[in-house]
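K.L.:
There's a structure below that I have some questions on.
The values are calculated or read from the model by the stated rules, or taken from the named source; none is laboratory data. This is a predicted model, so every value here is computed, not measured. Every residue, glycine among them, receives a Cβ derived from its backbone with ideal geometry; neighbour counts consider all protein chains shown.
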Amino acid sequence: MITYSPEQIAEACEGHLVKNNDSVVARLLIDSRSVYDAAESLFIALSGNKHDGHQFLHQLVRKGVRNFVVRKGRIPADVAEEANWIEVNNPVRALQQIGAWHRSRFQIPVLGITGSNGKTIVKEWITQMMGSDVFIARSPRSYNSQIGVPFSVWHLNETSELGIFEAGISMPGEMRLLQEIIRPTIGLFTTLGQAHQENFSSLEEKLEEKMVLFKEVDTILYDCDQALVDERMGTMFPEKELLTWGRAEKATLQLLSEDEVNDCKHLMLRWGVDTFEVVIPYTDQVSVENTLPVVLFMLYQGYSPEQIIEKIGGLVPVAMRMEQKVGINNNLVINDTYNADFTSLEVALDFLVQQSRKKGVKRTVILSDLLQTGIPDYDLYPLVATLINEKQIDRLVGVGPAMVRYASHFHLPSSFYETTEEMLEALSTFHFRGEAILVKGSRKYSFERIVSRLELQRHATVMEINLDAMVHNLNRYRRSLGPDTRLLAMVKAFSYGSGSYEIAAALQYQNVDYLGVAFADEGVELRRAGIATPIIVMNPEEKSFLQMLDYNLEPEIYGFNVLEAFDAVARAEASAVIPVHIKVDTGMNRMGFLEHEIDELADRLRRMPSLRVKSVFSHLAGSDDQAHDAFTFQQIKKFKTICDRLKKELDTEFMMHILNSAGIERFPEARFDMARLGIGLYGFGPGKIEDLRNVVTLKSYISHIKPVPGFETIGYGRVGMVKRDSRIGVVPVGYADGLNRHLSNGVGKMMVNGRLAPIVGNICMDMCMIDLTDIQAEEGDEVIVFGDDYPLTNLARQLETIPYEILTSISRRVTRVYYKE
């Protein structure tokens, strides 16, 4: 493994070195929560809207980190002599310079991939095809941003024979920086599409920005069927070797025909004078489009058609996500069973730690050999052992010849097996109970068989929660609010039906300022599960006041009775001043102190030294509807007047907040000190923020298909009559799962294989029926109740309700599956 001295790093990023020890740098670090091999790590203190790495310098020094890149003037005086410090003007730019300098030390072929879609799949499939022949250093997952790319090129080492790195941009001017870091010798352009178009005036402008990556390459591979791409490549790079794929006759690699046979695609290809057929184990068109650049690159690298034909049948899916599932014996199972490289192992272990902070929960890792990492085994497995130790894993189960060979490096309770079959035979002896289990394996080890044995086999209908999409939405609202406004994330009502602890843990990991729950028992559950973020209880009950003090929960105070009652308990039981949050009514006419009560409220609060007003807030009644804007502005004005009076009367400062999700989008001028984000986390808003992502998908499957003659009826009450001979599918989701019965008999629809299938007849308690007559579908096919391709807003519109009601109605018997991309 390559190491550098602090002097070399400082020179690379043009920084000023304050040296206090002779440590070396082997690893880059930007997340204080992901420390391992601390003594040889370099922490770069990046700053964002809500994150500043400089806040964690003391913590990292205590963890043993001894090398830092910080902004000038930010070296903490009390630990200054315990580490090496490199001062720079801009830590992000320093990270990029370090990556570019490391890349410059390698004289090997480097493939730079850009385009709107398919970059990660193409990169991973090339690695699958060639990784057993050459040592490949590549971007982990989709690390293709201004920060991700420097981390990607850091994977280059003494054994690397080929580099493959993605470059993704979303703004003009970004690709120049990525090109300086990657410095590709070969370029590959996947597709040109609408992704990240919002910051470009045209597709042409975005294409030209992406093509900056190729300015120093010798050869470019691209799809000549995309007319705009084909024209610009020829115009901008007439001196370069241009190799193309496509259906056009001029393509260097021409797709002559494609046929679907037995769930495979047979592709007839022409390369020069040779014609050959490859068979891929997929039938979708996207897989065909991703296969062509992979084949072309391998031909360019000197592989024969015969070699490609032999290798291509083994292509496996590229897993873009980790799933968290409920396991047998009260276990939590994290399924990451399709790829295993070192960086994805780091990500998976961080997720395991994040989701297993409950006191007393043991952490177990079932891990296969790591394949195609570009790191020799004698360097790789000691690193894995160090990482496992740093993450405080309690038990390891290793599978594969390399794990067996390097077993002596793992100093924790461990078991090792040559094959997955041997491990499965021994599985019953492990007695997993109440543990958090990460199952992480390369695809060839078929670890899905292990997950199947560990997973609690429940109701076949599942609700999938995309934690990365939630974090995207959270950060999108943060950008809208700006860096000075705190954020209160609402996790009441089982986090809008998506699960309490799991959502709270993800939000805590993202450093939200507050969590909001409806009742004290929800907050107690989160505290017992290890959530330390401040929590506001929005509907405190007198019987729960002592419990709230015990678990450090902060109450909303909305009336004089609850104020007096809580003060009495605080005076009698609390040893410190207790923060409270005062609710004022500015027009919702539901709960809160009225404007004429403010003087009396201030008078009483002055006589309550046990309480401290932490915030004053109100609710907007119609922030999502333009028709109520005049009333909303009136509410905001009244709220500010009340707060100004309270501050003057109490002679104190406190936070002010009135905006909900819709308010954040439509009334940013009223952001005050904090805002409350609820349904917006899940991607639902009035539309001012356009790039919110769907978080929740409810899916099931077709359990049975049967023919029904025309003019027969379907289901209870005989209200669903088919007007022709039909194919009716049974889906195991009903009103006991939260599927509203008003969607019966054609009102509602479900997505099957990209087509909408109407619900036929009345929805039953545990199932419903859909019309598949015009849809190609088989038993076992997936059914989307709502999700990315069939938004929840469609159901809300059909039911004349709001997304809140549907989400919170999904029964807890529906299994929640949490995943990260």
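K.L.:
Go through the range 377-475 and tell me which helices (runs of 4 or more DSSP H), entirely inside it, have 2 or more residues that are of a type in the set (D, E, K, R) and more than 29 Å from TRP125 (Cβ to Cβ). Let's see the steps before the verdict.
P.N.:
Working: elements: 377-390, 401-405, 420-426, 448-454.
Fully inside the range 377-475 and qualifying: 420-426.
K.L.:
Looking at the range 228-235, is at least one residue under 19 Å from SER116 (Cα atoms), surrounded by 20 or more Cβ atoms within 10 Å (Cβ to Cβ) and out of contact with any Lys or Arg (no Cβ under 7 Å at 6 or more places or on another chain)?
P.N.:
From the range 228-235, those under 19 Å from SER116 (Cα atoms) are 228-233; that's our starting set.
The next check asks that each one be surrounded by 20 or more Cβ atoms within 10 Å (Cβ to Cβ); those that pass are 229, 233.
Checking the rest, the ones that are also out of contact with any Lys or Arg (no Cβ under 7 Å at 6 or more places or on another chain) come to 229, 233.
Yes: one or more hits.
K.L.:
Here's another thing I want to ask about it. Hey, among GLY193, GLY234, which residue is out of contact with any strand residue (DSSP E or B) (no Cβ under 6 Å at 6 or more places or on another chain) and in a loop (DSSP other than H, G, I, E, B)? Walk me through how you get there before you give the answer.
P.N.:
Working: GLY234 fails: in a loop (DSSP other than H, G, I, E, B).
Just a single option satisfies the conditions, and that option is GLY193.
K.L.:
Can I ask one more? Restricting attention to the range 727-745, which residues are more than 16 Å from ASN794 (Cα to Cα) and among the basic types (Lys, Arg)?
P.N.:
ARG727
K.L.:
Looking at the range 519-530, is at least one residue within 27 Å of GLU669 (Cα to Cα) and among the β-branched types (Val, Ile, Thr)? Quick ask: steps written out before the conclusion?
P.N.:
Here is the first cut: in the range 519-530, the ones within 27 Å of GLU669 (Cα to Cα) are none.
No, the range 519-530 contains no residue that is within 27 Å of GLU669 (Cα to Cα) and among the β-branched types (Val, Ile, Thr).
K.L.:
Still on this model: Based on this model, can you work out whether GLU81 counts as surrounded by fewer than 16 Cβ atoms within 10 Å (Cβ to Cβ), touching a residue at least 60 places away in the same chain (Cβ under 8 Å) and of a type in the set (Asp, Glu)? Working first, answer last.
P.N.:
Numbers: surrounded by fewer than 16 Cβ atoms within 10 Å (Cβ to Cβ): yes; touching a residue at least 60 places away in the same chain (Cβ under 8 Å): yes; of a type in the set (Asp, Glu): yes.
When the stated conditions are applied, GLU81 passes them.
Residue-wise test of (1) of a type in the set (Lys, Arg); (2) part of a helix (DSSP H, G or I); (3) surrounded by fewer than 16 Cβ atoms within 10 Å (Cβ to Cβ); (4) in the same structural domain as THR793 (by TED's automatic domain parsing).
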residue: GLN634; (1), (2), (3), (4): no, yes, yes, no
residue: PHE639; (1), (2), (3), (4): no, yes, no, no
residue: ASP644; (1), (2), (3), (4): no, yes, yes, no
residue: THR652; (1), (2), (3), (4): no, no, yes, no
residue: GLU665; (1), (2), (3), (4): no, yes, no, no
residue: GLY687; (1), (2), (3), (4): no, no, yes, no
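K.L.:
What residue, among those in the range 251-295 that are among the hydroxyl-bearing types (Ser, Thr, Tyr) and outside any helix (DSSP H, G or I), is surrounded by the fewest Cβ atoms within 10 Å (Cβ to Cβ)?
P.N.:
Of the range 251-295, the ones among the hydroxyl-bearing types (Ser, Thr, Tyr) are 252, 257, 275, 282-283, 287, 291.
Imposing the further condition that a residue be outside any helix (DSSP H, G or I) reduces the set to 252, 257, 275, 282-283.
On the way: THR252: 19, SER257: 10, THR275: 12, TYR282: 16, THR283: 14.
Filtering first and then ranking leaves SER257.
K.L.:
So, of the residues in the range 168-189 that are part of a loop (DSSP other than H, G, I, E, B) and at pLDDT 95 or above, which turns out to be farthest from PRO293 (Cα to Cα)? So that I can check it myself, show each step before the final result.
P.N.:
First, pick out the residues of the range 168-189 that are part of a loop (DSSP other than H, G, I, E, B): 168-173, 183-185.
Checking the rest, the ones that are also at pLDDT 95 or above come to 183-185.
On the way: ARG183: 20, PRO184: 17, THR185: 16 Å.
Applying the filter and picking the extreme gives ARG183.
Quick grid of which residues meet (1) modelled with pLDDT of 95 or more; (2) farther than 27 Å from MET1 by Cα; (3) outside the structural domain of GLN354 (by TED's automatic domain parsing):
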residue: ASP377; (1), (2), (3): no, no, no
residue: VAL384; (1), (2), (3): no, no, no
residue: GLY400; (1), (2), (3): yes, no, no
residue: TYR406; (1), (2), (3): yes, no, no
residue: PHE410; (1), (2), (3): yes, no, no
residue: HIS431; (1), (2), (3): no, yes, no
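K.L.:
Still on this structure: Say we look at the range 750-767 and pick out the residues that are hydrophobic (A, V, I, L, M, F, W, C) and in a loop (DSSP other than H, G, I, E, B); which of these is nearest to the chain's Cα centre (by Cα)? First the steps, then the outcome.
P.N.:
The first filter runs over the range 750-767 and keeps only residues hydrophobic (A, V, I, L, M, F, W, C), leaving 750-752, 756-757, 759-760, 763-765, 767.
Within this subset, residues satisfying the condition of being in a loop (DSSP other than H, G, I, E, B) are 763-765, 767.
Details: ILE763: 34, CYS764: 35, MET765: 34, MET767: 31 Å.
Taking the candidates together, the pick is MET767.
K.L.:
Just the residues that are under 29 Å from the mean Cα position of the chain (by Cα) and exposed (fewer than 14 other Cβ atoms within 10 Å of the Cβ), please, taken from the range 768-781. Write out each step before concluding.
P.N.:
Residues of the range 768-781 under 29 Å from the mean Cα position of the chain (by Cα): 780-781.
Correct list: GLY780 only.
K.L.:
Is it the case that the range 20-35 has a residue that's surrounded by 15 or more Cβ atoms within 10 Å (Cβ to Cβ), at pLDDT below 90 and assigned to a helix (DSSP H, G or I)?
P.N.:
For the range 20-35, residues surrounded by 15 or more Cβ atoms within 10 Å (Cβ to Cβ), at pLDDT below 90 and assigned to a helix (DSSP H, G or I): absent.
K.L.:
Next up: Say whether the condition of being more than 20 Å from SER23 (Cα to Cα) and part of a helix (DSSP H, G or I) is met by at least one residue in the range 57-67.
P.N.:
Let us first name the residues in the range 57-67 that are more than 20 Å from SER23 (Cα to Cα), namely none.
For the range 57-67, residues more than 20 Å from SER23 (Cα to Cα) and part of a helix (DSSP H, G or I): absent.
K.L.:
Next question. Just to verify a result, which residue in the range 334-347, among those that are surrounded by fewer than 23 Cβ atoms within 10 Å (Cβ to Cβ) and within 24 Å of LEU427 (Cβ to Cβ), is modelled with the highest pLDDT?
P.N.:
SER344
K.L.:
If we keep just the residues of the range 434-448 that are basic (Lys, Arg) and modelled with pLDDT under 90, which is nearest to VAL347 (Cα to Cα)? Before you say what the answer is, go through the steps one by one.
P.N.:
Initially, the range 434-448 is screened for residues basic (Lys, Arg), giving 440, 443-444.
With the extra rule that they be modelled with pLDDT under 90, the set shrinks to 443-444.
On the way: ARG443: 17, LYS444: 20 Å.
It comes out as ARG443.
K.L.:
Run down GLY53, GLY15, GLY73 and say which single residue is exposed (fewer than 15 other Cβ atoms within 10 Å of the Cβ) and outside the structural domain of PHE151 (by TED's automatic domain parsing). Please lay out each step first, then the result.
P.N.:
Details: GLY53 fails: exposed (fewer than 15 other Cβ atoms within 10 Å of the Cβ); GLY15 fails: exposed (fewer than 15 other Cβ atoms within 10 Å of the Cβ).
From the options GLY53, GLY15, GLY73, the qualifying one is GLY73.
K.L.:
If you take the residues of the range 782-818 that are among the charged types (D, E, K, R), within 24 Å of the chain's Cα centre (by Cα) and closer than 21 Å to ILE679 by Cα, which of them is surrounded by the most Cβ atoms within 10 Å (Cβ to Cβ)? Explain how you work it out, then say what you get.
P.N.:
Keep residues of the range 782-818 that are among the charged types (D, E, K, R), which gives 782, 788-789, 797, 800, 805, 812-813, 816.
Filter once more, so that each one left must be within 24 Å of the chain's Cα centre (by Cα): 782, 788-789, 812, 816.
Add one more test, that the residue is closer than 21 Å to ILE679 by Cα, and what stays is 788-789, 812, 816.
On the way: ASP788: 14, ASP789: 11, ARG812: 12, ARG816: 21.
If we take residues in the range 782-818 being among the charged types (D, E, K, R), within 24 Å of the chain's Cα centre (by Cα) and closer than 21 Å to ILE679 by Cα, then ARG816 is surrounded by the most Cβ atoms within 10 Å (Cβ to Cβ).
K.L.:
A further question follows. Of the conditions (1) within 30 Å of ILE126 (Cβ to Cβ); (2) modelled with pLDDT under 90, VAL365 fails just one. Which one is it?
P.N.:
For VAL365, the exception is condition (2).
K.L.:
For GLY360, work out the one condition from (1) in the same structural domain as TYR378 (by TED's automatic domain parsing); (2) buried (at least 17 other Cβ atoms within 10 Å of the Cβ); (3) of a type outside the set (Lys, Arg) it doesn't fulfil.
P.N.:
For GLY360, the failing item is (2).
K.L.:
Also, quick follow-up: Among the residues of the range 484-499, are any crowded, with 17+ Cβ neighbours inside 10 Å, without any contact (Cβ under 8 Å) to a residue 24 or more places away in the chain and under 20 Å from the mean Cα position of the chain (by Cα)? Full working, then the answer.
P.N.:
First pass over the range 484-499, keeping only residues crowded, with 17+ Cβ neighbours inside 10 Å: 485-499.
Checking the rest, the ones that are also without any contact (Cβ under 8 Å) to a residue 24 or more places away in the chain come to 495.
Still in the running and under 20 Å from the mean Cα position of the chain (by Cα): 495.
Yes: the range 484-499 contains one or more residues that are crowded, with 17+ Cβ neighbours inside 10 Å, without any contact (Cβ under 8 Å) to a residue 24 or more places away in the chain and under 20 Å from the mean Cα position of the chain (by Cα).
K.L.:
Could you run through the range 592-632 and say how many residues are assigned to a loop (DSSP other than H, G, I, E, B) and more than 21 Å from PRO540 (Cα to Cα)? Don't jump to the end; show me each part of the working.
P.N.:
Within the range 592-632, the first condition is being assigned to a loop (DSSP other than H, G, I, E, B), and the residues that meet it are 592, 594, 607-610, 618-625.
Keeping just the survivors that are more than 21 Å from PRO540 (Cα to Cα) gives 607, 621-625.
Qualifying residue count for the region: 6.
K.L.:
Name, by its number, the condition in (1) more than 19 Å from LEU677 (Cα to Cα); (2) charged (D, E, K, R); (3) in contact with a helix residue (DSSP H, G or I) (Cβ under 7 Å, 6 or more places away or on another chain) that does not hold for LYS637.
P.N.:
Single failed check for LYS637: (3).
K.L.:
If you take the residues in the range 200-221 that are free of Cβ contacts under 8 Å to residues at least 60 places away in the same chain and within 30 Å of ASP274 (Cα to Cα), which one is surrounded by the fewest Cβ atoms within 10 Å (Cβ to Cβ)?
P.N.:
ASP218
K.L.:
Just to verify a result, which residue in the range 368-405, among those that are surrounded by fewer than 19 Cβ atoms within 10 Å (Cβ to Cβ) and among the basic types (Lys, Arg), is farthest from VAL353 (Cα to Cα)?
P.N.:
ARG405
Matching residues to (1) part of a loop (DSSP other than H, G, I, E, B); (2) β-branched (Val, Ile, Thr):
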| site | (1), (2) |
| --- | --- |
| GLY112 | no, no |
| SER116 | yes, no |
| THR120 | no, yes |
| LYS123 | no, no |
| GLN128 | no, no |
| VAL134 | yes, yes |
| PRO140 | yes, no |
| TYR143 | yes, no |
| VAL149 | no, yes |
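K.L.:
Suppose we filter THR337, THR373, THR343 for residues that are touching a Gly at 6+ places or on another chain (Cβ under 7 Å) and among the polar types (S, T, N, Q); which single one remains? Even if it seems obvious, please write down each step before you answer.
P.N.:
Details: THR373 fails: touching a Gly at 6+ places or on another chain (Cβ under 7 Å); THR343 fails: touching a Gly at 6+ places or on another chain (Cβ under 7 Å).
After ruling out the rest, the residue left standing is THR337.
K.L.:
Which one is farthest from SER414 (Cα to Cα) among residues in the range 391-402 that are charged (D, E, K, R) and over 23 Å from the mean Cα position of the chain (by Cα)? Before the answer, list the steps.
P.N.:
From the range 391-402, those charged (D, E, K, R) are 391, 394-395; that's our starting set.
Subsequent filtering for residues that are over 23 Å from the mean Cα position of the chain (by Cα) retains 394-395.
Details: ASP394: 9, ARG395: 6 Å.
Going through the qualifying residues, I end up with ASP394.
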